[in-house]
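Data block below; observations after.
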Amino acid sequence: MTDHPKGSTEAWEALRAHQRQLENVRVADLFEGDDKRFERFSMQAGELFVDLSKNRITQETVKLLLALAEARGLAARRRAMFEGQRINTTEDRAVLHVALRNRSNTPILVNGKDVMPDVNAVLAQMERFAGAVRRGEWRGHTGERITDVVNIGIGGSHLGPQMVVTALKPYTTAALTTHFVSNVDGAAISEVLAGLRPESTLFVVSSKTFTTQETMTNAHTARRWLVERLKSDKAVARHFVAVSTNLAKVAEFGIERQNVFAFWDWVGGRYSLWSAIGLSIVLAVGYERFVELLEGAHELDRHFQDADPNRNAPLLMGLLGVWYGNFFGAESSAVLPYDESLRYLPSYLQQAFMESNGKDVDLAGERVAWQTGAIIWGSPGTDGQHAYYQLLHQGTKLIPADFIAPARPFHALTEHHDILLANFLAQTEALMLGRTRAQTRAMLEEQGAPADRLELLSAAKSFPGNRPTTSILMPQLTPHALGNLIALYEHAIFTQGVVWDIDSFDQMGVELGKELATNLLGEVRAGASAPGTHDASTAGLLAHLGQLRGR
Ligand code: G6Q
């Protein structure tokens, strides 16, 4: 067994040697020695301006990383995805979220059949339905207009719509409010239902499988709430629609066929916001804006396929993750949007990256001997600056961070936005430059610090710097720019999966959780387990819970 993916020996060894050369090189010095560094390592991808120049890279690094991608067959694998080949090997499925936003409408074949007519038919159905609701033509059971939409879903059937609807708040209409329920914790749905009237509420039950315990439990609770209050089973038809690939299960739930929005097994949950799973987005911002989102993603799809590798933003961002994770020992990576409306982007990307690339076997089923997916975390700036940035600046860990900001806000508080952007730039600059012990000492002396504390304070107040950041700017957070941004990350994830030789499109760990919870439910209800069925800790906790709950 080798310690690197198949076919990459030469490229891997070259990168390892190169890392040793670069280990003590400061990015700040690289800028000193190259007045074209910023131009060299920054690029346009759709509306996004992506600056990689504050990373620990040289032209040689890029050359070697691209050689690694080539050795791992990136181009062929990318073509295979766009052509609809079954690159999700464990599930034996195509991976075609790119077809959902294929605005050029060129045929994409799955098992010899063009999927575009079906994609377009569902889009048209979404347009018709959402338009009718938004115009007030679709009425509730008692004839009232719909004022509130509740998306019930979890994981991939929740995080995307929630992130996008929140990000595009300026495009939403005051006449329709969107709510999200995901957690099976009864507090979640209770809180949402408490503020709603059944007469004017529409539930969108989003579940690819339509068997997910959390979603089904929440959907049944919502259904009971509605039927009890409107005193008729018939009300369900006007207040529930479903988004699913499992039409039989939807019918069992009692939702009529014309109120079902279909998608297909070649759409992975965490890649599904472009499909009918985006219905709550269409309801919130309207069909035209949703199409702009799709167009933005399509533009990045083209960029990923066609751009010169040296200016291919998703390709290079994916490879940077490999560079830090496999050669610098970085374990995590931060996503730091300087935009309050992107507050769900870190959790959205956390799922996208970690569920896709948190894998420990390669495509042949062999255990990998190299690091795979990074831990992704983050939250909006500037809040994080007053919390965990301390560790980014002075901690002992290397944490590459992406800083993301729109140049123009939607509000009129220009002064706020100036301050926000100043913080963005100040942080990325400080993370790179740091402050040496000598500089700190000189500063402290000038400030008149007591001589007996100079050593201690200059140590504590100096910053190592050389902490890598990527800056992503866009003119404004429009649907189109957001589509660019999400697809940028999707293709970075894809790139990493190809390099690591893993299946980025299955999610066995998620499925394990689904099985385990179902198995234990009976025992939680009973407050006890049969002897020998669990380890002593789990059996003990079950019994203790049973006592606390009087079972
Ligand atoms: C995503 C995962 C997972 C999934 C949820 C919900 O890629 O598979 O997060 O989206 O478990 O599944 P359903 O849509 O089937 O309810």
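A few notes on this one:
Residues are listed down the side, and each one gets a yes or a no for (1) buried (at least 21 other Cβ atoms within 10 Å of the Cβ); (2) in contact (Cβ under 8 Å) with a residue 40 or more places away in the chain; (3) in a helix (DSSP H, G or I); (4) touching a Pro at 6+ places or on another chain (Cβ under 9 Å):
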{"position": "84", "(1), (2), (3), (4)": "yes, yes, no, no"}
{"position": "91", "(1), (2), (3), (4)": "no, yes, no, no"}
{"position": "98", "(1), (2), (3), (4)": "yes, yes, yes, no"}
{"position": "102", "(1), (2), (3), (4)": "yes, yes, no, no"}
{"position": "105", "(1), (2), (3), (4)": "no, no, no, no"}
{"position": "121", "(1), (2), (3), (4)": "no, no, yes, no"}
{"position": "124", "(1), (2), (3), (4)": "no, no, yes, no"}
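- Residue list for segment 5-35, restricted to those being open to solvent by 70 Å² or more (accessible area, probe 1.4 Å), in a loop (DSSP other than H, G, I, E, B) and farther than 27 Å from residue 463 by Cβ: 6
- Any chance residue 143 is open to solvent by 30 Å² or more (accessible area, probe 1.4 Å), away from the ligand (no atom under 16 Å from the Cβ) and farther than 29 Å from residue 347 by Cα: yes
- Which listed residue is within 16 Å of the ligand (Cβ to nearest atom), buried (at least 24 other Cβ atoms within 10 Å of the Cβ), among the aromatic types (Phe, Trp, Tyr) and under 25 Å from residue 46 (Cα atoms), from 348, 344: 348
Residues checked against (1) surrounded by fewer than 24 Cβ atoms within 10 Å (Cβ to Cβ); (2) among the aliphatic types (A, V, I, L, M):
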{"residue": "274", "(1), (2)": "no, no"}
{"residue": "277", "(1), (2)": "no, yes"}
{"residue": "283", "(1), (2)": "no, yes"}
{"residue": "286", "(1), (2)": "yes, no"}
{"residue": "290", "(1), (2)": "no, no"}
{"residue": "296", "(1), (2)": "no, no"}
{"residue": "308", "(1), (2)": "yes, no"}
{"residue": "318", "(1), (2)": "no, no"}
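- Looking across segment 410-452, the residues that are in contact (Cβ under 8 Å) with a residue 24 or more places away in the chain and outside any helix (DSSP H, G or I) come down to 410, 434, 435, 436.
- Residues in segment 149-175 that are under 23 Å from residue 212 (Cβ atoms) and more than 16 Å from the ligand (Cβ to nearest atom): 149, 165, 166.
- When residue 522 is tested against (1) modelled with pLDDT of 95 or more; (2) surrounded by fewer than 23 Cβ atoms within 10 Å (Cβ to Cβ); (3) away from the ligand (no atom under 16 Å from the Cβ); (4) at negative phi, just one condition goes unmet, and that condition is (1).
- First in segment 499-525 and closer than 18 Å to residue 272 by Cβ, second anywhere and among the acidic types (Asp, Glu) and within 16 Å of the ligand (Cβ to nearest atom), Cβ under 6 Å, 6 or more apart: 506/91; 507/355
- The single condition from (1) farther than 20 Å from residue 320 by Cα; (2) in contact with a Gly (Cβ under 9 Å, 6 or more places away or on another chain) that residue 403 fails is (1).
- Checking residue 70 against (1) within 23 Å of residue 472 (Cα to Cα); (2) open to solvent by 50 Å² or more (accessible area, probe 1.4 Å); (3) without any contact (Cβ under 8 Å) to a residue 60 or more places away in the chain, the condition it does not meet: (1)
- Hits in segment 268-315 - residues which are more than 17 Å from residue 168 (Cβ to Cβ) and within 16 Å of the ligand (Cβ to nearest atom): 268, 269, 270, 271, 272, 275, 276
- Residue count, segment 176-190 (criterion: more than 16 Å from the ligand (Cβ to nearest atom) and either in a helix (DSSP H, G or I) or within 20 Å of residue 342 (Cα to Cα) (or both)): 6
- Filter pass, residue 509 being away from the ligand (no atom under 13 Å from the Cβ), open to solvent by 50 Å² or more (accessible area, probe 1.4 Å) and out of contact with any strand residue (DSSP E or B) (no Cβ under 9 Å at 6 or more places or on another chain): no
- Of 361, 335, all but one fail to be of a type in the set (Val, Ile, Thr), open to solvent by less than 40 Å² (accessible area, probe 1.4 Å) and touching a residue at least 24 places away in the same chain (Cβ under 8 Å); the exception is 335.
The values are calculated or read from the model by the stated rules, or taken from the named source; none is laboratory data. Quick caveat: nothing in here was measured; it's all calculated off a predicted structure. Every residue, glycine among them, receives a Cβ derived from its backbone with ideal geometry; neighbour counts consider all protein chains shown. Just so you know, the surface numbers come from the protein's heavy atoms only, side chains and all, with ligands and any DNA or RNA stripped out. Shrake-Rupley method; radii C 1.70, N 1.55, O 1.52, S 1.80 Å.
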